[in-house]
1. Here are some residues: Cys75, Cys47. Which one is free of Cβ contacts under 8 Å to residues at least 40 places away in the same chain, more than 15 Å from the chain's Cα centre (by Cα) and under 26 Å from Glu152 (Cβ atoms)?
2. Identify, please: which residue in segment 81-112 is within 11 Å of the chain's Cα centre (by Cα) and in a strand (DSSP E or B) and is, among those, surrounded by the most Cβ atoms within 10 Å (Cβ to Cβ)?
3. If I filter segment 19-53 down to residues being open to solvent by 60 Å² or more (accessible area, probe 1.4 Å) and touching a Ser or Thr at 6+ places or on another chain (Cβ under 8 Å), which single residue comes out as farthest from Ala6 (Cα to Cα)?
4. Evaluate segment 55-65: report whether one residue or more is more than 15 Å from Ala8 (Cα to Cα) and in a helix (DSSP H, G or I).
5. Take segment 113-148 and flag every residue that is assigned to a strand (DSSP E or B) and either over 19 Å from the mean Cα position of the chain (by Cα) or free of Cβ contacts under 8 Å to residues at least 12 places away in the same chain (or both).
6. Could you tell me which numbered condition Ile166 fails, if it satisfies all but one of (1) of a type in the set (A, V, I, L, M); (2) in contact with a Cys (Cβ under 8 Å, 6 or more places away or on another chain); (3) under 23 Å from Ile28 (Cα atoms)?
7. Tell me which of these Leu179 doesn't satisfy, since it passes every other one: (1) over 25 Å from Asp31 (Cβ atoms); (2) at pLDDT below 95; (3) buried (at least 18 other Cβ atoms within 10 Å of the Cβ).
8. Among what's in segment 113-126 and is out of contact with any His (no Cβ under 8 Å at 6 or more places or on another chain) and open to solvent by 80 Å² or more (accessible area, probe 1.4 Å), pick the residue that is nearest to Ala64 (Cα to Cα).
Amino acid sequence: MDAPGAGANLFETQSGKTVLVMNVLGRIHMDPMDCPFSAVEKELAACPMGMVADAIIVDMHCEATSEKMAMGHFCDGRASLVVGTHTHVPTADCQILPGGTAYQTDAGRCCDYDSVIGNEKEEPLRRFTPRLSGGRYTPAHGPATICGVYVETDDKTGLATRVEPIRVGGRLSQAIPVLA
């Protein structure tokens, strides 16, 4: 089954560099979609790093951490960054894989962390405890935390030279990369 939209796009930066950004959906514990590995392979072949793209970012949106890690190793040496999304919690595993690809299992979310995945706690708790829906989810309105990943790449190869988590504001411990 084909997913709607474009899963990849080549962007040009203000400095004239090109960055291929891919978003693929995993399959474990999610609605079945096309194979994310074959979709990424197709884009990497069509837009190889160092020839068409100066850098490549792969967003692996899926539930299973094992599927995210497998994508990291699958892309190692062929992408600048593979970062997971969907599980909403920043993981503590920023690393550069042996082939030079930066990796983090999940970047985390940008929201109030005194919540249930960014929502006021009452409705999700009601759905988990008596298992009855009482209404709609409502976004939490407390202090937000911005989460992400900071990556530096080699201008010649596009491979990562540095990767660090970003966590700014809100309740989580701060992680702010120092820029050289």
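1. Working: Cys75 fails: more than 15 Å from the chain's Cα centre (by Cα).
Step by step, each of Cys75, Cys47 is checked, and only Cys47 is free of Cβ contacts under 8 Å to residues at least 40 places away in the same chain, more than 15 Å from the chain's Cα centre (by Cα) and under 26 Å from Glu152 (Cβ atoms).
2. My answer is Val82.
3. First, pick out the residues of segment 19-53 that are open to solvent by 60 Å² or more (accessible area, probe 1.4 Å): 23, 27-29, 31-32, 34, 38, 41-42, 45-46, 51-52.
Going one step further and asking which of them are touching a Ser or Thr at 6+ places or on another chain (Cβ under 8 Å), we end up with 28, 52.
Values: Ile28: 21, Val52: 18 Å.
Checking each candidate, the answer is Ile28.
4. Yes.
5. Of segment 113-148, the ones assigned to a strand (DSSP E or B) are 116, 119, 139, 144-148.
The answer is Val116, Asn119, Pro139.
6. Checking Ile166 against (1) of a type in the set (A, V, I, L, M); (2) in contact with a Cys (Cβ under 8 Å, 6 or more places away or on another chain); (3) under 23 Å from Ile28 (Cα atoms), the one that fails is (3).
7. So Leu179 meets the others, but not (3).
8. Leu125
The values are calculated or read from the model by the stated rules, or taken from the named source; none is laboratory data. Computed from a predicted structure; not experimentally measured. Cβ atoms come from the backbone with ideal geometry, glycine included; neighbour counts cover every protein chain shown. To get the accessible areas, we keep the full protein, side chains included, count just its heavy atoms, and leave off ligands, DNA and RNA. Shrake-Rupley method; radii C 1.70, N 1.55, O 1.52, S 1.80 Å.
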